[in-house]
Amino acid sequence: MSQSLLIPSEEREKFHRLGINSITALALIAPSSFEDRRLSRELLSNSTGVIDATVERVVRTPKTLKITFFAHTLDVTIEGILFHPKPYMIHQFHQGERGFFSGKMVLERGEWQMIHPFKITAVGSLVPVYKTALRSDVMRRLVAKWVTMDNLMAEALPKTIASELMGIHFPTTPTPLSHSQLHALKFAEVFEYMRRLGLKRRCHPTPYRASGTIEAWIDTLPFTLTDDQHHAIKDIKGDVAQEHAARRMIVGDVGCGKTMVILASVLLMRPYRSLLMAPTTLLAAQLYEEARKFLPHLTIALVTNATQKGSLEGYDFIIGTHALLHREIPEVGLVMVDEQHRFGTLQRHALTKLSESSPHYLQFSATPIPRTQAMMDSAHIDVSLIQQTPFTKNITTTIIRKSDFSPLLDHIRREIAQNHQVLLVYPLVEHSEAINYQSIEEARGFWEKRFENVYVTHGKDKEKEAILEAFRDKGSLLLATTVVEVGISLPRLTTVVIVGAERLGLATLHQLRGRVSRTGLKGYCYLYTNTSGKSERLEAFCGCSSGFDIAALDLKFRQSGDLLEGKLQSGKRFTWVNLGEDEAIVTEVKKYLTTL
């Protein structure tokens, strides 16, 4: 991918102050307006005018400077007025001198006035006005020097895009942005972003060129893999057979079957050892049991803070928590991270360094991202999307308020009577004056008085994982915070009630909803809110079941994050691109990049 032009050291400070480091990025700073310095053929009241005039008279008063101009091309006398003039302003006007002057024209009682006139030299041009950290004249000179067709094309922009950008900065008439110019700005912004992402991409030779097969194993499975699972496995098979270490993210919705893709990756990596890091002991243990069930012919180790510290040399597949970072790890050919967003960048980086040679590296995430985001992210790391689920979840999502509490209680009693489980998610552990909702501690007495087998965890208690495990086996009702967003599988859980739902992001709401109906049971998600009136965001959420549709909604309501800094959540807005609407432009840029 093309690198940006080298900026001389004397200019770098200006680029730094603008927060940019390329000519393309400079061209993306469009003028906010233009000063029309073309000679006026007629005067329009309350508009800027430029006149070729002789100064006939200059009169000073305590608070003003009055100048009488004779405009030659218009054959009219105009009175210029400067209010509270500074010395440098006064020195522009000398009686008997002819020059070009600009100012706001006003028709007052049939007489023309020019308010705050000033002498100009660049006559006949449109002068761009930029709102930046640089002084206007400095910014104009910087753009004039660097934003050229040759420079933009040297940074590999298509000629048509470069030409449109030039027209934005150096127009012949002061008109609003055209459709083609707006398209050029969006194209250039995506191009610049993916170019920078591409520069972060690193290719490392690896000695682990795997040759494992999985066709026979897939035939033994008691279920059929989805097409998306097959596609992800095919992508990984191609990755681990190459001479460079794989760097791939597999993004799937809640319940899409990422576990089977993980296990398939272990087999594809044979004869080399694989390692998987999970964010919690419960999740690691869950994956360990799945691996033992579906990979009975492999030796599998579980590494947590509670497990023994013996050698791991004799194992084919090592599964563990962050405790892996503090153990001596034998050579591994494949490193995987489940729920990668739950680990810090340093933790993920440390994991890849556990093996002396460059292992293949796969990240798995249950936080779906829009296809546009995935396409842009693919400039930095390969991406596979698993959008299908093994079965269609039947979950009804409903917004409820205080008036709906009695019917909600009846529903909870019915579900528990059928040996189903209910999850109540509260926004607070303890009372807060700032938030108009009950906390777990305030609410637990109500539920414990009316129901048996009520369990409570808020994520800060040391027994959190033990409580969740006990609830899975014996519980009816669980009170928790969003700590249950990701983690243990609860096969009997059919209902989730999210208190203060309007306070949570759509992705979090979807993760919480994804806890129910994991085994095909009819599911219910209740969004409890004290707010009055309609919530467009929550109502849109009720109408969406796919995590990828939810992610697209999130873009609409919150805009996208900054991939360059590794933040896939909301935050930074692109200046020109709307990732929720401009997928076609991202596709266009991606296709163009393959031609370079």
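Are there any helices (runs of 4 or more DSSP H) wholly within the range 481-559 with 1 or more residues that are at pLDDT 90 or above and out of contact with any Cys (no Cβ under 8 Å at 6 or more places or on another chain), and if so which? I'd like the intermediate steps shown before the answer.
On the way: elements: 506-513, 536-542, 547-558.
Passing ranges, in order: 536-542.
Please find, within the range 506-547, the residue that is nearest to the chain's Cα centre (by Cα) out of those that are buried (at least 22 other Cβ atoms within 10 Å of the Cβ) and more than 26 Å from Gln438 (Cα to Cα).
Gly547
Does the range 61-109 hold any residues that are assigned to a helix (DSSP H, G or I) and closer than 21 Å to Val123 by Cβ, and which are they?
Correct list: Tyr88, Met89.
State whether the residues of the range 293-310 include one that is within 19 Å of Ile381 (Cβ to Cβ), touching a residue at least 60 places away in the same chain (Cβ under 8 Å) and not assigned by TED's automatic domain parsing to the domain that holds Glu469.
Looking only at the range 293-310, we keep the residues that are within 19 Å of Ile381 (Cβ to Cβ), and these are none.
No, because not a single residue in the range 293-310 is within 19 Å of Ile381 (Cβ to Cβ), touching a residue at least 60 places away in the same chain (Cβ under 8 Å) and not assigned by TED's automatic domain parsing to the domain that holds Glu469.
Can you name every residue in the range 210-258 that is of a type in the set (A, V, I, L, M, F, W, C), buried (at least 19 other Cβ atoms within 10 Å of the Cβ) and not in a strand (DSSP E or B)?
Ala210, Ala232, Ile233, Ile236, Val240, Ala245, Ala246, Val254, Cys256
Taking the range 442-465 as the region of interest, how many residues are in contact with a strand residue (DSSP E or B) (Cβ under 9 Å, 6 or more places away or on another chain), modelled with pLDDT under 90 and loosely packed, with under 14 Cβ neighbours inside 10 Å?
Number of matching residues: 2.
Every residue in the range 101-115 that is within 50 Å of the chain's Cα centre (by Cα), surrounded by fewer than 20 Cβ atoms within 10 Å (Cβ to Cβ) and either of a type in the set (A, V, I, L, M) or farther than 14 Å from Leu82 by Cβ (or both), please.
Val106, Ile115
Pick from the range 560-596 the residues that are modelled with pLDDT of 65 or more, of a type in the set (D, E, K, R) and surrounded by 14 or more Cβ atoms within 10 Å (Cβ to Cβ): which of them is nearest to Leu182 (Cα to Cα)? First the steps, then the outcome.
Residues of the range 560-596 that are modelled with pLDDT of 65 or more, as a first pass: 574-596.
Add one more test, that the residue is of a type in the set (D, E, K, R), and what stays is 581-583, 588, 590-591.
Keeping just the survivors that are surrounded by 14 or more Cβ atoms within 10 Å (Cβ to Cβ) gives 582-583, 588, 590.
Details: Asp582: 12, Glu583: 15, Glu588: 15, Lys590: 18 Å.
Looking at residues that are modelled with pLDDT of 65 or more, of a type in the set (D, E, K, R) and surrounded by 14 or more Cβ atoms within 10 Å (Cβ to Cβ), I get Asp582.
Filtering the range 123-151 down to residues that are of a type in the set (Gly, Ala, Ser), within 22 Å of Pro176 (Cα to Cα) and assigned to a loop (DSSP other than H, G, I, E, B), which residue is farthest from the chain's Cα centre (by Cα)?
Gly124
Where residues in the range 419-439 are surrounded by 11 or more Cβ atoms within 10 Å (Cβ to Cβ) and under 24 Å from Pro491 (Cβ atoms), which of them is farthest from the chain's Cα centre (by Cα)?
His420
The values are calculated or read from the model by the stated rules, or taken from the named source; none is laboratory data. Computed from a prediction, not measured in an experiment: that's the story for all the values here. For neighbour counting, all protein chains shown are included, and Cβ atoms are generated from backbone atoms with ideal geometry for every residue, glycine included.
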